[in-house]
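Please treat every number below as a calculation from the coordinates, not as lab data. Since we're looking at a predicted model, the values are computed, not measured. Cβ atoms come from the backbone with ideal geometry, glycine included; neighbour counts cover every protein chain shown.
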Amino acid sequence: MLRLSPKERKRRMFEEFRQLISGHRYIIFVDAYRLRASMLQEVRRLQDELGFRIKGGKKTVFFKALETIYPDLARRIVDDLKGQVLFIFTNKNPIEIAMTLDKFEVDLPASPGDIAPVDIVIPEGNTGIPPGPIISLFSNFGIPTKIIGGAINVMKDTVVARAGDKISANLANLLSKLGIKPIKSKMVMRFAVDLEEGVIIRKEHLLPDIEAIKEDLSRCFEHAFKVAIELGYPTAYTVRPLLVKAFMNSRAISLELGIPTRHTIKELIARAYRVARLIEERTAS
């Protein structure tokens, strides 16, 4: 197999980046720091389904390719291209893709130096591991065990690491043997760009807080509704309560002026009766 020179590899990478940039409207920039290969492999499987192409490569080569097509945009994002970056090229809605990938995560085995995302618990029960030197690993972490049926059994749920603790080599080894995968891996979106419009989509807009937006919209609707009712402004949402309000006002005016209608006649008669009785009682006394 013919090995390419570094110069030729860069040239081919440059051309591939140029083709990807020319053929897509949006680019999502992903933080590749500590992104596990297994996670990346799972994401690649979603490319056809979601309509994107993910690619790694040298940032300098990508930047030169971008600069040849969109020089102004390239200069605006150069300071954002720090650290390790992956590139997602798409013609689909980048917000939908980013939100879908943000929810996608995989469980990974712990490696020495990883930070426990949550409390890590060794559950009670049969581990299926035969007795041997591994018993010392259980003892090191204060895990009560008993040999039952030729296998190590954990006698009660035991917390071996708290959220935020650094995972040691021994603990990573024990978790691996138990088949426990405590590390959550997911893609971290940095920002995106709309190449046609020259717009930079920052992370807070690329991954909006949907619940917060719903609450804001609900509050805005409530305020707008109250103002519309106060001003008597008819809309599809206010016309019924406005009609009810108008009816109640007109009824109150009719009662105040003593105008008989089918909605006020009973109360006017009852009022007249009470007045008549009062006059009768005063006259009699």
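At-a-glance table
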read-out: Reach of LYS181 by Cα under 26 Å, taken over lysines that are not fewer than 8 positions away in the same chain; value: LYS103, LYS146, LYS156, LYS166
read-out: 0 to 90° range, to nearest 10: angle between helix 239-257 axis and the chain longest Cα axis; value: 20 degrees
read-out: Full-stretch length increase - THR261, ARG11 - with 0.36 nm per residue and alpha-carbon distance subtracted; value: 81.0 nm
read-out: Neighbourhood charge, 11 Å Cβ-Cβ cut-off, centred on GLN19 and excluding it, Lys, Arg +1 and Asp, Glu -1; value: +2
read-out: Length-normalised contact order of the chain in % [C-alpha pairs under 8 Å, at least 6 apart]; value: 20 percent
read-out: Potential lengthening between ARG25 and SER111 on full extension [0.36 nm per residue; Cα-Cα distance subtracted]; value: 27.2 nm
read-out: Amide proton proximity set for THR145, modelled H, under 5 Å, gap of 5+; value: MET155
read-out: Too-long pairs where the Cα-Cα distance tops 28 Å, listed order kept, from LYS59/LYS186; LYS58/LYS177; LYS59/LYS203; LYS177/LYS203; LYS55/LYS214; value: LYS58/LYS177; LYS177/LYS203; LYS55/LYS214
read-out: Additional length obtainable on full extension of the chain from ARG251 to VAL239, 0.36 nm per residue less Cα span; value: 2.5 nm
read-out: For LEU4, net neighbour charge (Lys/Arg +1, Asp/Glu -1) across residues whose Cβ lies under 14 Å away; value: +3
read-out: Projected label distance in nm at THR100 and PHE221, using a 7 Å step from Cα toward the beta-carbon; value: 2.7 nm
read-out: Nearby aspartates and glutamates by direct alpha-carbon distance to LYS245 (threshold 12 angstrom, same-chain neighbours under 8 apart not counted); value: GLU230
read-out: Calculated P(r) tail over 16 Å for segment 147-219, as whole % of Cα pairs; value: 73 percent
read-out: CD proxy at 222 nm, helix term only [per DSSP H run n ≥ 4: -39500 (n - 2.57); per residue of the chain; nearest 500]; value: -15000 deg cm²/dmol
read-out: Net +/- balance of residues flanking ILE269 in space, Cβ distance below 13 Å, scoring K and R +1, D and E -1; value: +4
read-out: Modelled FRET efficiency - R0 51 Å, ARG202 with ARG274, Cβ distances, 0.05 increments; value: 0.15
read-out: Built amide H within the under 5 Å cut-off of ILE152, gap 5+; value: THR127, GLY128, ILE129
read-out: Highest-MSF residue in the chain out of PHE63, PHE104, PHE138 [GNM, Cα springs under 10 Å]; value: PHE138
read-out: Estimated translational D of the chain in µm²/s (Stokes, Kirkwood radius over Cα pairs; 4 °C; 1.567 mPa s); value: 49 µm²/s
read-out: Whole-Hz ³J(HN,Hα) from phi, Karplus 6.51 cos²θ - 1.76 cosθ + 1.60, for segment 143-158, glycine and proline x; value: 8, x, 10, 8, 7, 10, x, x, 9, 7, 10, 7, 7, 7, 4, 9
read-out: Ranked packing of 28-37, 146-155, most packed first, by mean Cβ within 10 Å; value: 28-37, 146-155
